[in-house]
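Trainee: Starting off with a structure, shown below.
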Amino acid sequence: MYERGRPFNPKATISHSIVQVYLWSGEYHLAHDELERWRRESKTTKYATYFALQLAVLTGRWKQAQQLLDNTASLMPEEPLIISVQGVVHAWLGKSEQALRCMNRACTNPKSFGHTHHTYYQIASILSLLNRTEAAFEWLERSVDTGFACWPFFLKDPCLENLRRHAHFDLLVSSLQAKYPDHLGLL
């Protein structure tokens with residue numbers, strides 16, 4: 001709908017919701033293009049920075065992720081969304097101690113500019129990457145229970161690879177598919 005409506009309002013070049021759709025559906029080149037437009041229009045938006053971080057993580061661009069984190073850390077030093085992404089980066093790079101420290105820091109601040117269920121999801125990602133599957137499932141379920149039930153992304157996100165081989169994951173996804181079928185226009 002966004003793409004079909006864009007010609008009718010060409011000045012509104014970005015909606016952060018479309019970036020999420022592109023990221024979670026694995027259309028990273030489209031997410032990148034939209035993020036570039038967004039960041040040109042508003043260089044200080046927290047959301048564009050957060051989604052740029054997600055894109056860097058999902059595409060394995062660790063240097064870019066670290067640069068974004070370094071720039072963001074001074075602007076939002078206690079932001080759970082950013083701290084938990086930093087934990088995901090550490091977990092991907094095999095720095096488990098640092099990843100767990102970030103996870104604990106993200107849990108200590110109840111205020112966030114974003115939705116807490118995304119922080120919960122990133123904690124699940126950290127734990128999955130560290131192969132702590134039982135705890136990862138608990139955080140993934142908490143994320144779902146508080147509003148992030150994006151099962152198509154769960155099937156694609158490389159952070160959850162360790163969870164996909166467990167029956168519990170299949171059960172969770174199949175229950176979400178029944179509740180939110182893909183023919184309703186979801187990802």
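The values are calculated or read from the model by the stated rules, or taken from the named source; none is laboratory data. Everything numeric in this text was worked out from a predicted model, so none of it was measured. Using ideal geometry, Cβ is built from the backbone for each residue, glycine included, and neighbour counts are taken over all protein chains shown.
Trainee: Since S112 meets every condition but one in (1) touching an Asp or Glu at 6+ places or on another chain (Cβ under 9 Å); (2) assigned to a helix (DSSP H, G or I), which condition does it not meet?
Mentor: If we test S112 against (1) touching an Asp or Glu at 6+ places or on another chain (Cβ under 9 Å); (2) assigned to a helix (DSSP H, G or I), just (2) comes out false.
Trainee: Let me ask something else about it. How many of the residues in segment 154-167 are part of a helix (DSSP H, G or I), in contact with a Ser or Thr (Cβ under 8 Å, 6 or more places away or on another chain) and farther than 21 Å from H90 by Cα?
Mentor: Counting residues in segment 154-167 that are part of a helix (DSSP H, G or I), in contact with a Ser or Thr (Cβ under 8 Å, 6 or more places away or on another chain) and farther than 21 Å from H90 by Cα gives 0.
Trainee: Report every pair of residues separated by at least 6 positions or lying on different chains whose Cβ atoms are under 7 Å apart, first residue within segment 103-127 and assigned by TED's automatic domain parsing to the domain that holds W139, second of a type in the set (K, R) and assigned to a helix (DSSP H, G or I).
Mentor: Matching pairs, first to second residue: F113/K46; Y120/R142.
Trainee: Related question: Among the numbered conditions (1) under 30 Å from A48 (Cβ atoms); (2) within 18 Å of the chain's Cα centre (by Cα), tell me where F137 comes up short.
Mentor: For F137, the exception is condition (1).
Trainee: Filter segment 177-187 for residues that are in a helix (DSSP H, G or I) and either under 22 Å from E27 (Cα atoms) or touching a Leu at 6+ places or on another chain (Cβ under 7 Å) (or both) and give the result. Outline the logic, then answer.
Mentor: Within segment 177-187, the first condition is being in a helix (DSSP H, G or I), and the residues that meet it are 177-179, 182-184.
Residues satisfying the conditions are Q177, D182, H183, L184.
Trainee: Looking at the structure I just gave you, is Y50 closer than 18 Å to L163 by Cα and part of a helix (DSSP H, G or I)?
Mentor: Working: closer than 18 Å to L163 by Cα: no; part of a helix (DSSP H, G or I): yes.
Answer is no for this residue.
Trainee: When the residues of segment 115-148 are narrowed to those that are charged (D, E, K, R) and in a helix (DSSP H, G or I), which ends up nearest to D170 (Cα to Cα)? Even if it seems obvious, please write down each step before you answer.
Mentor: Filtering segment 115-148 for residues charged (D, E, K, R) gives 132, 134, 138, 141-142, 145.
This time we only want the ones that are in a helix (DSSP H, G or I), so: 134, 138, 141-142, 145.
Numbers: E134: 14, E138: 14, E141: 13, R142: 16, D145: 17 Å.
Once the filter is applied, the top-ranked residue is E141.
Trainee: Looking at L100, L55 in this structure, which one is at pLDDT 95 or above and in the same structural domain as S143 (by TED's automatic domain parsing)?
Mentor: Values: L55 fails: in the same structural domain as S143 (by TED's automatic domain parsing).
Going through L100, L55 in turn, the sole match is L100.
Trainee: Answer yes if at least one residue in segment 84-95 is assigned to a loop (DSSP other than H, G, I, E, B), of a type outside the set (K, R) and over 15 Å from the mean Cα position of the chain (by Cα), and no otherwise. Talk me through it step by step, then tell me what you get.
Mentor: Kept after step one, since they are assigned to a loop (DSSP other than H, G, I, E, B), are these residues of segment 84-95: 93-95.
So of that shortlist, the ones also of a type outside the set (K, R) come out as 93-94.
Adding the requirement that they be over 15 Å from the mean Cα position of the chain (by Cα) leaves 93-94.
Among the residues of segment 84-95, at least one is assigned to a loop (DSSP other than H, G, I, E, B), of a type outside the set (K, R) and over 15 Å from the mean Cα position of the chain (by Cα), which makes the answer yes.
Trainee: For segment 118-154, what are the residues that are under 21 Å from Y180 (Cβ atoms) and of a type in the set (S, T, Y)?
Mentor: Y120, Y121, S125, S143, T146
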